[in-house]
Amino acid sequence: MSDPLHHIEAKLEAGERLSFDDGVTLFNHPDLHEIGRLANREREKRHGATTYYNYNLRLEATNVCVASCMFCSFARLKPGDADAYTMTLEQVFDKLRARKDQPLTEVHVVNGLHPDLPFSYYTDLLIGLKAIRPEIHLKCFTAVEIAFFADLYKMTDEQVMRELMAAGLDSLPGGGAEIFAPRVRLKIAHDKCDADRYMSIHRFAHSVGMKTNVTMLYGHIETFEERVDHMIRVRDVNDETHGFQAFIPLAFHPDNNQLRKLPAPSASDTLRTIAVSRLMVDNVPHIKAFWVATGVDVAQISLWYGANDLDGTVQEEKIYHMAGSRTPLAMTPEAIERLVTIAGREPVERDTFYNRITH
Ligand code: SF4
């Protein structure tokens, strides 16, 4: 019997879209390097050797959260619980003020689902960050947070989005997607909005001209079929909206959470998942290896397995580090450029919309 990868390669050469079954085949096929070769070819068709990163700052203003996602090590249920924190707005602003000499292009903010803060906390946060650095792009609040705000403050998702946009919101990050298949989502993230609502919030963002990202949390209780289903849902939406600009597979980390008995995904699973993402999610231009989640070494190798983006300088990150990530808290642009160059790729600083930055 002929190797099913030959059939997949022929489809790719003919510019044909891969099917659900092809995606499952790619996950089950033993030859990881051959899958990487196919993914790398698609990467180079679109981006050559270019590898993007940005000069960004991540902030998590509160880890108080009413949800209890099984994979989460970051959330604390109530204000006052050990390690629970909620920054004052001035503390958030000080994080940006302290970096006044950095040529940042983006601030990325995601939070726990805090039950007691007023909506004005979030609008004032955006207004205040823009007042300090008007030129900085604010990529804030996952679709899950938008849905939570709508329910808590008795608004529609669209009203929430419009008010946040009026306060300075520029785009949405991709977090909160986890795995869309209800079997998994109901087990590991039952408090979160479902896949349809997640997608409808992103669809709305795309309809008003925003570009957004979308993630996939892999390596826990999901099957390969459920990963492929997740990818195809993203692909289907992007056929209509063209608004997802980056697909970000996120490795599950098992420390300090309810899934701690599971092993973390292996390096080969991470490389394979990035490669299959490149091959299946053919209409989202950028596949990101978020180095905090993959680890720096695997992120370097992933640049030959379909990834063309490494996220950025990050600077502050709690969600993965509380779940056991041993990566540094920050990387300088010089460190990122060095690791990309050593990996044999060409580093390019970008803004949020993948425009090349020259200083
Ligand atoms: S993943 Fe997000 S929504 Fe879920 S418990 Fe953690 S902070 Fe809360």
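Observations on the structure shown:
- Leu138 satisfies every condition listed in (1) closer than 22 Å to Pro79 by Cβ; (2) in contact with a Gly (Cβ under 6 Å, 6 or more places away or on another chain); (3) not hydroxyl-bearing (Ser, Thr, Tyr) except (1).
- Leading residue by the ranking (modelled with the highest pLDDT) among those in the range 319-343 that are closer than 23 Å to Cys72 by Cα and surrounded by fewer than 18 Cβ atoms within 10 Å (Cβ to Cβ): Ala330
- Test: residue in the range 85-106 that is within 16 Å of the ligand (Cβ to nearest atom), part of a loop (DSSP other than H, G, I, E, B) and under 29 Å from His220 (Cβ atoms): yes
- Of all residues in the range 266-309, those being open to solvent by 10 Å² or more (accessible area, probe 1.4 Å) and either modelled with pLDDT of 95 or more or more than 17 Å from the chain's Cα centre (by Cα) (or both) number 16.
- Qualifying residue in the range 128-135 (condition: within 16 Å of the ligand (Cβ to nearest atom) and in contact (Cβ under 8 Å) with a residue 24 or more places away in the chain): no
- Residue within the range 238-250 that is touching a helix residue (DSSP H, G or I) at 6+ places or on another chain (Cβ under 7 Å), more than 14 Å from Val144 (Cβ to Cβ), in a helix (DSSP H, G or I) and away from the ligand (no atom under 16 Å from the Cβ) present: yes
- In the range 180-202, the residues that are within 16 Å of the ligand (Cβ to nearest atom), open to solvent by 20 Å² or more (accessible area, probe 1.4 Å) and not basic (Lys, Arg): Leu186, His190, Asp191, Asp194
- Among the candidates Ala205, Ala177, residue that is in a helix (DSSP H, G or I) and either open to solvent by 70 Å² or more (accessible area, probe 1.4 Å) or in contact (Cβ under 8 Å) with a residue 24 or more places away in the chain (or both): Ala205
- Ala143 passes every criterion in (1) aliphatic (A, V, I, L, M); (2) in contact with a Phe, Trp or Tyr (Cβ under 6 Å, 6 or more places away or on another chain); (3) more than 13 Å from the ligand (Cβ to nearest atom) apart from (3).
- Test: Val66 is open to solvent by 50 Å² or more (accessible area, probe 1.4 Å) and either more than 16 Å from the ligand (Cβ to nearest atom) or under 23 Å from the mean Cα position of the chain (by Cα) (or both): yes
Condition check ((1) more than 29 Å from Ile188 (Cβ to Cβ); (2) open to solvent by 30 Å² or more (accessible area, probe 1.4 Å); (3) within 16 Å of the ligand (Cβ to nearest atom)) across all residues:
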residue: Tyr52; (1), (2), (3): yes, yes, no
residue: Asn56; (1), (2), (3): no, no, no
residue: Glu60; (1), (2), (3): no, no, yes
residue: Val110; (1), (2), (3): no, no, yes
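- Test result for Leu96, within 26 Å of Lys211 (Cα to Cα), in contact with a strand residue (DSSP E or B) (Cβ under 7 Å, 6 or more places away or on another chain), of a type in the set (A, V, I, L, M) and in contact (Cβ under 8 Å) with a residue 12 or more places away in the chain: yes
- Filter pass, Thr25 being touching a helix residue (DSSP H, G or I) at 6+ places or on another chain (Cβ under 7 Å) and among the hydroxyl-bearing types (Ser, Thr, Tyr): yes
The values are calculated or read from the model by the stated rules, or taken from the named source; none is laboratory data. For clarity, every value in this text was computed on a predicted model and none was experimentally measured. Every residue, glycine as well, gets a Cβ built from its backbone with ideal geometry; the counts of neighbours run over all protein chains shown. With ligands, DNA and RNA removed, areas are computed over all heavy atoms of the protein, side chains included. Shrake-Rupley method; radii C 1.70, N 1.55, O 1.52, S 1.80 Å.
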